[in-house]
Structure formats: C-alpha cells, structure tokens
C-alpha cells in the first residue's frame with residue numbers, strides 16, 4: 001500500500017522516512033465533564049470536542065518549522081494512520097482525512113483474530129465499502145488524518161556531536 005512519506009503543514013513538507021525518530025500523538029480535548037446523579041450514577045456531558053496533536057522528530061538535518069507563521073491557522077496532514085473498525089464491510093470514516101493517500105482495508109478473522117488485507121471497493125463521501133472476506137468478524141479501515149490547526153512555535157535542539165536535530169511542536173484543531 002502507498003503510505004505518505006511526509007508530514008505536511010500547508011506547503012511545508014517534512015520527510016519522515018529520513019528521520020531517526022518520528023512520532024505523532026493525538027488527544028481528544030473538549031468541554032466534557034462527568035456528572036453524578038443523586039444516587040451516584042454517572043452521566044457524561046459534552047459540549048464540544050477537538051484534537052490536540054503533538055509532533056516530534058529528530059534526524060541529521062534540521063526541520064524548517066521555525067518559518068511557520070504561528071499567528072494563522074494551517075492545514076496539517078499527518079503521516080501516521082488512524083483506524084476505524086466496524087462489524088460490516090461498510091464503514092463511515094471522518095471527512096477530515098488526507099485525500100492524497102489511499103485508504104487501507106483489513107478484515108479481522110474469526111479463526112485467529114489476525115488482520116487480512118482486503119481491497120477498498122468504493123468510497124462515496126465518507127462511506128467506505130471493503131471487499132467481503134469469508135470468515136471475517138469485523139472490518140477495519142486505515143486513513144490518514146488532516147486537520148485545520150493553530151500551531152505553537154516549535155522547540156528545537158541541535159547537537160553537533162550527537163544525533164543531530166530534534167524538534168517538537170504542539171497543535172490544536174481549529
């Protein structure tokens with residue numbers, strides 16, 4: 001399967017295959033709270049939800065992240081996939097995804113729980129249909145997220161005698 005070779009922020013591309021280490025952390029943030037009833041039962045209240053994304057990498061050459069204007073929003077195309085699993089071969093995926101990377105389909109097998117690759121038959125809007133696999137108990141689609149974000153200025157560390165350049169950057173979905 002074709003996978004993205006870069007983390008992309010607007011037109012700035014950071015090649016991840018050349019990095020010694022690269023990581024992405026996605027975290028759901030939002031206006032949610034756990035409320036308790038008089039008898040102690042729990043109720044979750046949610047007013048809004050967005051994502052916080054933490055990016056980190058290191059390699060032999062520095063990134064160009066310091067050139068970003070951190071006062072405006074940016075389009076962030078992540079390089080690591082996320083997965084959605086369903087009980088049928090028809091799965092709804094988020095609209096916020098990279099259009100330049102093909103989706104990956106898998107079937108979860110009943111016999112041993114292993115994933116078996118299966119092809120994507122169609123994508124209509126946000127509905128993905130996978131080829132049905134005999135013996136599958138669930139299906140999974142891998143997609144690559146894309147977000148509109150505000151990015152904090154990155155921290156960078158350059159070591160002339162060691163691993164080279166390290167960087168971290170935090171973003172929040174608009």
Remind me, relative contact order of the stretch 1-157 in percent, using alpha carbon pairs under 8 angstrom and six or more residues apart? 25
Expected unfolding gain across residue 17-residue 45 under the 0.36 nm per residue rule, minus the alpha-carbon gap, is 6.0 nm
Gain on full stretching of the segment that runs from residue 84 to residue 137 - 0.36 nm per residue minus C-alpha separation: 17.6 nm
Gaussian network model of the chain, springs between alpha carbon atoms under 10 Å - residue of 84, 16, 53 with greatest fluctuation: 84
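So in the stretch 82-143, what percent of DSSP beta bridges are antiparallel if you round to the nearest 5?
Of those bridges, close to 100 percent are antiparallel.
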Using alpha carbon centers only, the stretch 121-138 is separated from the stretch 60-108 by a whole-angstrom value of 20
For the stretch 82-174, alpha-carbon Rg over 2.2 N^0.38 Å: 1.51
Among 46, 171, what is the fewest-to-most ranking by other Cβ atoms within 10 Å? 46, 171
Per principal axis, largest first, the Cα atoms of the chain extend in Å by 54, 51, 31
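No value in this document is a laboratory result; all are computed from the given coordinates. Here the structure is a predicted model, which is why all the values come from computation and not from measurement. Reconstructed Cβ throughout: ideal geometry from the backbone, glycine too, with neighbour counts over all protein chains shown.
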